[in-house]
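The values are calculated or read from the model by the stated rules, or taken from the named source; none is laboratory data. Every value quoted in this text rests on a predicted model; they were computed, and no experiment measured them. Here the Cβ positions follow ideal geometry from the backbone for every residue, glycine too, while neighbour counts run over all protein chains shown.
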Amino acid sequence: MRFQVEQRFDAPVATVLATYTDPAFYERLVGLSKVGEPQVVEYRTDAQQVVMRVHYRFTADLPSAALAVIDADKLTWIEESTYDLAAATCRSKLLPDHYPDRLTASATSAFTAAGAGTVRRIDGDLRVRMPLVGGKVERAIVSGLQDHLGDEARVANQYMGS
């Protein structure tokens, strides 16, 4: 399932990139809907790029038919993101802790100036390979992700304003 999300920020591109590549920012993403508290498990940087690996847990409701074939407690993953600081882009891929044969996802993000602020456009692809319920699970996960990214943008704007 292809998806797109736009996030709007009240700060310039460099500030937004600095926020998303700051491990301390992820400590602020506690108590958001749909996705549990993130945990930064790896952080590498050089002058050109930042690589972050962040562990997540999906906490939104899933269709009951999906729960018959998967354990909701096992919907955990590492999001591996590579930020190109000069290009103001990011490539992310999902590395499931469980069900790697059933769940794949990747996305690209572009951070662009919008007046005094920034727009982050995320273009992604999520695939759930499960007979009969795969499409329902994809829709539930993408819906939860969209809600989470909206909440995340609000926290990021507060974080950058502090």
Original post:
Among the residues of the stretch 63-79, which ones are among the charged types (D, E, K, R) and either part of a loop (DSSP other than H, G, I, E, B) or exposed (fewer than 14 other Cβ atoms within 10 Å of the Cβ) (or both)?
Top reply: ASP71, ASP73, LYS74
Subject >> Tally of residues being crowded, with 18+ Cβ neighbours inside 10 Å and touching a residue at least 60 places away in the same chain (Cβ under 8 Å) across the stretch 29-40 >> reply: 4
Original post:
Is it the case that GLN49 is more than 16 Å from the chain's Cα centre (by Cα) and among the polar types (S, T, N, Q)?
Top reply: yes
Subject >> Checklist (1) without any contact (Cβ under 8 Å) to a residue 12 or more places away in the chain; (2) small (Gly, Ala, Ser); (3) surrounded by 15 or more Cβ atoms within 10 Å (Cβ to Cβ) applied to ALA60, failing item >> reply: (1)
**OP:** Report, by residue number, each residue of the stretch 86-134 that is of a type in the set (A, V, I, L, M, F, W, C), at pLDDT 95 or above and crowded, with 18+ Cβ neighbours inside 10 Å.
**Re:** ALA88, CYS90, ALA107, PHE111, ILE122
Subject >> Identity of the residue in the stretch 1-44, in a loop (DSSP other than H, G, I, E, B) and of a type in the set (A, V, I, L, M), that ends up nearest to GLY150 (Cα to Cα) >> reply: LEU32
Subject >> Out of ARG57, ARG28, sole residue that is closer than 17 Å to ALA105 by Cα and either in contact with a Pro (Cβ under 7 Å, 6 or more places away or on another chain) or basic (Lys, Arg) (or both) >> reply: ARG57
Original post:
Quick check: is even one residue across the stretch 87-94 without any contact (Cβ under 8 Å) to a residue 40 or more places away in the chain, outside any loop (DSSP other than H, G, I, E, B), within 19 Å of ASP123 (Cβ to Cβ) and among the basic types (Lys, Arg)?
Top reply: yes
**OP:** With the checklist (1) modelled with pLDDT under 95; (2) of a type outside the set (Phe, Trp, Tyr); (3) within 16 Å of the chain's Cα centre (by Cα); (4) surrounded by fewer than 17 Cβ atoms within 10 Å (Cβ to Cβ) in hand, flag the one item THR82 doesn't pass.
**Re:** (1)
Subject >> Sole exception among (1) under 21 Å from LEU126 (Cα atoms); (2) assigned to a strand (DSSP E or B); (3) without any contact (Cβ under 8 Å) to a residue 24 or more places away in the chain; (4) not polar (S, T, N, Q) for TYR83, by number >> reply: (3)
Subject >> Residue check for ILE122: touching a residue at least 60 places away in the same chain (Cβ under 8 Å) and within 13 Å of the chain's Cα centre (by Cα) >> reply: yes
Subject >> Tally, over the stretch 142-157, of residues that are under 16 Å from PRO38 (Cβ atoms) and touching a residue at least 12 places away in the same chain (Cβ under 8 Å) >> reply: 11
